[in-house]
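The values are calculated or read from the model by the stated rules, or taken from the named source; none is laboratory data. Predicted model only: the values in this text are computed from it and were never measured. Here the Cβ positions follow ideal geometry from the backbone for every residue, glycine too, while neighbour counts run over all protein chains shown.
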Amino acid sequence: PAQVRDFSRSLGVRGKTDKKDSVVLARYGATQQPECWQPEPEEVRKLKALAARLDAMDKDIHRERNRREKAEFIMATDILRSIDDILLALTRERDRLQQQIDDHLDQHPGLKRDRVLLQTIPGVGPAVSLRLLAMLRSRAFQSARQAAAFAGLVPVSWESGSSVRMRPRLSKAGNPKLRQSLYMAAVVGLRRNPDISALYRRLTGNGKSTMAALGAAMRKLIHIAYGILKTQTEYRSQTT
């Protein structure tokens, strides 16, 4: 949708009607020749929905815990009791959702095996592997770079003549929760993953900033995960 919207703007189209939309879509298809769209597999669509609901539940639990800290500060007993009741209900619902995810994976052995393989990557735990699995199995990526771009982990340059030269930044398209998880996995990988730590040392040694090196490490994790799912083999370090 975003690409078609940008294409429409490039044509100078103003407003939105069915007639205008049909003309824009026809011209977009004729000039850009996009690949045929394929729907997500049903089992992946459900997994993504369950994972998104789990993320929302985690956010609610975190929010209530913050409220509890404030209530403790002012010693509001009645409020604390209310928050504890809500936290108990949220925690139970979270456990139920987690069980639903486990049951769903049990019903789809291919997805379950994929998740097990992803967790052989040092630094990739249950939460990260779930989000990686949902993203990488959501569509038929043709390359690891394409998957990294979909996750918003490909650097974008901003240059114009000799006066405008901004440092390349990640595009930050895609799922921000996945990037947040990959960031934490990259930080853990600096200690536990030889490929990630070697890449980080090389980039920082060449003058790259800490954040640029971590962005590259996140992108490397996508490449590793893509390769593992493609070959259906456990993680093996490529660093000698």
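Descriptive notes on the structure:
- Search result, residues across region 33-60 that are under 16 Å from D102 (Cβ atoms) and free of Cβ contacts under 8 Å to residues at least 12 places away in the same chain: A49
- Residue in region 27-46 that is of a type in the set (A, V, I, L, M) and assigned to a loop (DSSP other than H, G, I, E, B) present: no
- Within region 122-137, the set of residues being small (G, A, S) and not in a helix (DSSP H, G or I) comprises G123, G125.
- Checked against the criterion of being outside any loop (DSSP other than H, G, I, E, B), modelled with pLDDT under 95 and out of contact with any Asp or Glu (no Cβ under 9 Å at 6 or more places or on another chain), the candidates A225, A212 yield just one match: A212.
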